[in-house]
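Read the structure below first, then the notes.
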Amino acid sequence: MSADNIAIEVDRITHHYGVRPVLRDVSLAVRRGELVSVMGPNGTGKSTLLGLIAGVLWPLKGQVKVDGVARRSSADAERAIRRRVVYLPADAWLPSGTAREFLLATGRLYGIDDDRLVDHVDRLIQLFHLSDVADSTTLSYSTGQKRKTALASALVTEAPVMILDEPFGGGLDPSGLLALRHVLKRLAESERTTIVMATPVPELVDGLAHRVALLHDATLVACDTPDALRRRAGLPDDASLNEAIEAITQPDTLAHIEHYFQRPEGRAS
Amino acid sequence: MRLRPLNYLTTFGVMICIATWGVGEWLRPSTDPFTHELAGKLGPFAMFGMLIVAGLYGLLRVKLVHPFNDICYMASLAITPWEPGKPLPFGRVQLGWTDAIFAALLTGMWAAYFVTRDVHLPWLVWLLPAVILFGVYVVTLWRCSFDVIHRSSTRVCYACTYLFGLAALCAVDAPYVTVATLIVAYALLRSLLGEPFEHRLRRHLRDTTPAGVRFLRDAIRDNTLAGLHRRLGPDTQPVTEVEGSIPWLIGRIRRRWGEVLAGLLIAGPVVWWLYVASVLVSHLMPHASIARHDESEPSVIFLFYGLALVAATFGVLVIDIAGYGSPITLWGRLSTGRWIIPGYDIVYVMPLGMLLIGVAIPHLAALLGLPPVMQAAAALPVLVTWWLLSRRWMDDWRFTGAHHISTVPVMTPDKRRESTGRPITTR
């Protein structure tokens, strides 16, 4: 992998909030225009890894580089990185104004040209079917509408690096899921936008992510294409990605299911 | 425990109230504070106490739209290219209808008090309204100052502050209120003049016809809209370091000269007001120790100064750490041997330095034989300059420090469970 082509480089990161490590010696390189999905069981550090890449968290060991520049190495470097990176947390904050005001303000924060910004906001509102509520206060929005607004706020920045924590969560309806899948795929392929996202649903990732980074027990156990993960798990090409991930990270899941349905001898069925 | 902003403001408010009550008791130990007789005697002194409390009210009003009041808003900004000093995306303090009602109602009550001074109204009748009236005054003057500063006329601001102090010094009763009212009226006028632009913005945001969209686009391009967009300025120019040790030093001093000058200019009005307060207190309350210059008792000036210093130190610390947590919990620090994290713990140096400077300089001034007012006055420019210098450092620290930006609680229940596992060695 050419160094010039690397957008994000996670170099031997170890992190812990208390005593036990949430991430241990994790390294990952993401190419420009690549869409990488971070997956793994609950509590394995997916959000922490995204937070570290986004610069929200500070690693106790190791470093994160964006476009070859280490995060927080200097104020000017960090300013430059923040202009190029947008981070959408799983529980993104929304102000009490309208969605249109929020999107315009967010775009201006990232220095988007005003003419383009107004057009882009209109197109995003249309894309996520927010036209009816775009000029109402966000306090009246449903959970899904709030999530769509938050997603639109990430897209309106036109940032070349996007860090998205569970973008498909938060009550998105089928049309929202479909729209987001297509937008992310097109951004990565046509605009060469680098996207790192965490999602717990393998079905949404299959056919979308170029590579899947698997976290388990605070370490990165695999980072490869979905097909390569299937091969690694010893499964055929038409097997689901979910089965491959479970076979690699938690092979005892199926055994646990069988165990759950085993009834003790003598109990009435 | 991290003190939340509102808790901090409440604590601070209670502290000031207790202190004001204490000062009242100290000045008048033999007087029943609830008699009507006190109303006439405490009135002028209470005006200044109220000004302090009104400042807190103003602060609260300002903070209602400030990221400091909402950790989530602050964290959301912290992960964007926004930085301290740049305009806030969701505007500034806006006057609402409640402000207008307060201002009208309380101005009437104030007028009634001064017209019927001989009647000796119960002190609560005018004390509480006066607090809120001054609060509105502080907020509007604050906003007015912003407008003036944005027009690069800082001298006008300083001149207003000094002249207002001069007016207060010359005229104790009715003229003082007249000057205050005039300034409130001016500030209100300036504030209200900006409002129609906000309404235009809101109307056109709802107008999705081609003409409406065209207007909005032109308005944004021409920067003619107030509030939401006008306050979004250009990016800060990167600072270029000068090579070589001597030129580097000169460059650093030149870069910091702005803070030093601003420190002197800001401290000037503060010292001036301190002087005005001391003269008024000695004029209106000749029994107070400041008027007697009694060496055996602490001066009223130092009581105010000490309270302000402690409050400022506490305030600076809370403002700096709010939303920027330690990268590891206290238990984690103790368990892993990371007792000091320099990249984070530097946040404690600035307030500590403030406290040390605030204590040391008056002592040095006292050794030189300066009077109490001058002792406090000597410390203020240094304190303000230190604070302004620390702002630059802290602005950098927000980009480079070893902190966690608190978008989500760092110690979620899952994380708390994880932290009870076996210790690791990552040093």
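The values are calculated or read from the model by the stated rules, or taken from the named source; none is laboratory data. Note that the structure is a prediction, hence the values are computed from the model and not measured. Here the Cβ positions follow ideal geometry from the backbone for every residue, glycine too, while neighbour counts run over all protein chains shown. Each accessible area value is taken on the protein alone, full model and side chains, heavy atoms only, with ligands, DNA and RNA left out. Shrake-Rupley method; radii C 1.70, N 1.55, O 1.52, S 1.80 Å.
Against the criterion of solvent-accessible heavy-atom surface with a 1.4 angstrom probe, A:His216, A:His259 sort, most first, into A:His259, A:His216.
Sum up the charges of everything whose Cβ sits under 10 Å from the Cβ of A:Arg71, counting Lys and Arg as +1 and Asp and Glu as -1, but leave A:Arg71 out.
Working: positive: A:Lys65, A:Arg72, A:Arg82; negative: A:Glu78.
Here the count lands on +2.
Between rounded, prolate and oblate, where does the stretch A:1-96 land on the alpha carbon gyration tensor, with a ≥ b ≥ c its root eigenvalues, rounded for a/c under 1.5, else prolate if a/b exceeds b/c? Taking the square roots of the gyration eigenvalues as a ≥ b ≥ c, the stretch A:1-96 is rounded. Evaluated over chain A, the count of Lys pairs having alpha-carbon atoms less than 27 Å apart is 8 (only pairs 8 or more residues apart or interchain). Amide H to amide H, with H built 1.01 Å from N, A:Gly62 comes under 5 Å of A:Thr14, counting only residues 5 or more places away or on other chains.
The residues of chain A present an accessible area of 43 Å² per residue when probed at 1.4 Å with all protein chains retained. For the stretch B:77-83, putting each phi into the Karplus relation 6.51 cos²θ - 1.76 cosθ + 1.60 with θ = phi - 60° gives couplings of 6, 5, 9, 10, x, 4, 9 Hz, in residue order, rounded to whole numbers and with x for Gly and Pro. Calculated on the Cα set of chain A, radius of gyration then Dmax: 20.1, 75 Å.
Counting Cβ atoms of other protein chains within 10 Å of each residue's Cβ and taking the mean over peptide A:9-19 gives 6.
Each Lys and Arg adds +1 at its Cβ and each Asp and Glu adds -1 at its Cβ; summed about the Cα centre, the stretch A:1-102 shows a dipole of about 120 debye.
Close amide H contacts of A:Ala29 (hydrogens built in the peptide plane, cut-off under 5 Å, sequence separation of 5 or more or a different chain): A:Val10.
With a 1.4 Å probe, how much accessible area is buried between chains A and B, both sides summed, in Å² to the nearest hundred? Intermediate results must be reported in sequence, preceding the final value.
Details: alone 14020 and 24730 Å², together 33880 Å².
Using a 1.4 Å probe on protein heavy atoms, the buried area is about 4900 Å².
Which of the three applies to the stretch A:75-216, rounded, prolate or oblate, going by the alpha-carbon gyration tensor with a ≥ b ≥ c and a/c under 1.5 meaning rounded? Since a/c reaches 1.5 but b/c is at least a/b, the shape of the stretch A:75-216 is classed as oblate. Distant-in-sequence amide contacts of A:Leu35, defined by a placed amide H-H separation under 5 Å and a gap of 5 or more residues or a different chain, comprise A:Ile195, A:His210, A:Arg211. Loop-located trypsin sites (Lys or Arg not before Pro) in the stretch A:127-205 (DSSP state not H, G, I, E or B) with no more than 13 neighbouring Cβ atoms inside 10 Å: A:Arg192.
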